[in-house]
Amino acid sequence: MTSLLVTDFTHGISAIDAQFHRPQRAAIHLIAENGKMALVDTGTTFSIPGVLSVLEEKNLATENVEYVILTHIHLDHAGGASECMRRFPNAKLVVHPRGARHMADPAKLIAGAIAVYGEAEFKRVYGDIHAIDDKRIIEAPDESRINLNGRPLLFIDTPGHARHHNCIYDEQSNAFFTGDTFGVSYRELDVNGMEFVFPTTTPVQFDPDAAHASLNRIMHFKPEYAFLTHYSRIGNLAHHVECMHNLIDAHVEIARNADINSRTSNTDRFNAISTALESLLLQRLNTHGCQMPQKAIVSLLSADIRLNTMGLEHWLRHSD
């Protein structure tokens, strides 16, 4: 079981499949340093049994999980946080200051998700989410650090996808854990070792100017790798950051054009954005050399396209 759940990298870093909707859609990253551990992002409540099975296979004790780190508090990243705190008795939760209060009192976070998904679907996808004792929460403002058994981890404030987003720099591996700031990259789309990366503009806090600035700030460190929550390690960052800048601008242009041409109908605008995003990604994947059938690509990316469309619509409504 765990051989399907975990991918091991160098420097004590592993990606554990969060089993969110489908295999290799969301990763929980484990950082192990001489027996002590940190987890970066948590998936959902239903992801945590898989984490426990990986720790057991690696002979790592749950009481040695020192930190549970959230890049941000969207529930595919943070929905399993309270279950982690229940299962890992010595862990502290590390989160952006803007997100901390929602971990101590998740009522608004839960209500917002239920409003989108409905209560039954919310329960099915995310399970139970509980309040976390604020004494176990560490707020991580910009340029703060934590120490994992002598291994420093640096937090930088990286808005653009969300205003409560941190990226975490690990000097030992010269890598960033980027949550959603460096976009989405599914392993099925790799071609001869080159990844395909595209932005995520959902759900309600997309800010293109901030997204560009956050990417530039990450690259200032000259990292070798980025560990994305969706899905895990990518290299070739100098190439990918240029693609991300270009695609952020392309997403904005698509949204603005659809807004101009579809002002009389929200449905028309949604469909126009969605159709244009699909065409954009298919064209870029063709240039990338992806040989996957078009129907399979659309199936793989349909949820991301829908969510990106929703995020761009929200940005249009609030960007004037």
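Quick notes
- The chain - charge dipole about Cα centre, Lys and Arg +1 at Cβ, Asp and Glu -1, debye rounded to 20: 320
- Shape category assigned to the stretch 237-320 from the gyration tensor of Cα positions, a/c cut at 1.5: oblate
- The accessible area of V191, taken with all protein chains in place and a 1.4 Å probe, comes to roughly 30 Å².
- Cα-based shape type of the stretch 135-197, given that a ≥ b ≥ c are square roots of the gyration tensor eigenvalues and the cut on a/c is 1.5: oblate
- Values of log10 I(q)/I(0), in the order q = 0.08, 0.09, 0.18 Å⁻¹, for the stretch 33-192 under a Debye, Cα-only, solvent-free model: -0.23, -0.29, -1.18
- Accessible solvent surface per residue of the stretch 16-169, calculated while the other protein chains remain in place, 1.4 angstrom probe, Å²: 41
- Phi angles of the stretch 242-254 translate, via the Karplus equation with coefficients 6.51, -1.76, 1.60 and θ = phi - 60°, into HN-Hα couplings of 5, 4, 5, 4, 5, 6, 4, 4, 5, 4, 4, 4, 4 Hz per residue; Gly and Pro are given as x.
- For E188, the solvent-accessible surface with a 1.4 Å probe is about 80 Å², rounded to the nearest 10.
- Ranked by the mean number of other Cβ atoms within 10 Å of their residues, highest first, the peptides 308-314, 177-183 come out as 177-183, 308-314.
- Positive-end extreme of charge dipole, the chain - chosen from H130, V252, C290 (charges on Cβ): H130
- Hull-based mean projected area of the stretch 199-277, where the convex hull spans the alpha carbons, in square nanometres: 5.8
- Heavy-atom accessible area per residue - the stretch 180-240, 1.4 Å, Å²: 36
- Antiparallel DSSP beta bridges within the chain, as percent of all bridges there, nearest 5: 70
- Within the accessible surface of the chain, defined with a 1.4 Å probe on protein heavy atoms only, the carbon and sulfur portion equals 48 percent.
- Cα shape, the chain, gyration tensor, a/c 1.5 rule: prolate
- Label-to-label distance for V191 and D8 is 3.3 nm, based on points extended 7 Å past Cα in the beta-carbon direction.
- Taking every lysine pair in the chain that is 8 or more places apart or spans two chains, those with Cα atoms closer than 23 Å amount to 8.
- Considering only N90, N64, I48, the residue lying farthest towards the positive end of the dipole of the stretch 27-95 is N90, judged by Cα position with unit charges set on Cβ.
- Averaging the Cα positions of each part gives two centres, and for the stretch 107-181 and the stretch 24-62 these lie 15 Å apart.
- Separation of alpha-carbon centers, the stretch 80-103 and the stretch 196-243, rounded to whole Å: 24
- Per residue, in Å², the accessible surface of the stretch 248-314 once ligands and nucleic acids are set aside, probe 1.4 Å: 54
- Spin-label pair L60/Y117, simplified geometry with 7 Å Cα→Cβ offset, distance in nm: 2.6
- Where T45, T158, T267 fall by accessible area, highest first, once all protein chains stay in place (1.4 Å): T267, T45, T158
The values are calculated or read from the model by the stated rules, or taken from the named source; none is laboratory data. Keep in mind that what you see is a predicted model, and the values were worked out from it rather than measured. FYI the Cβ positions are ideal-geometry reconstructions off the backbone, even for glycines, and counts take in every protein chain you see. Calculation scope for accessible area: heavy atoms of the full protein, side chains included, ligands and nucleic acids excluded. Shrake-Rupley method; radii C 1.70, N 1.55, O 1.52, S 1.80 Å.
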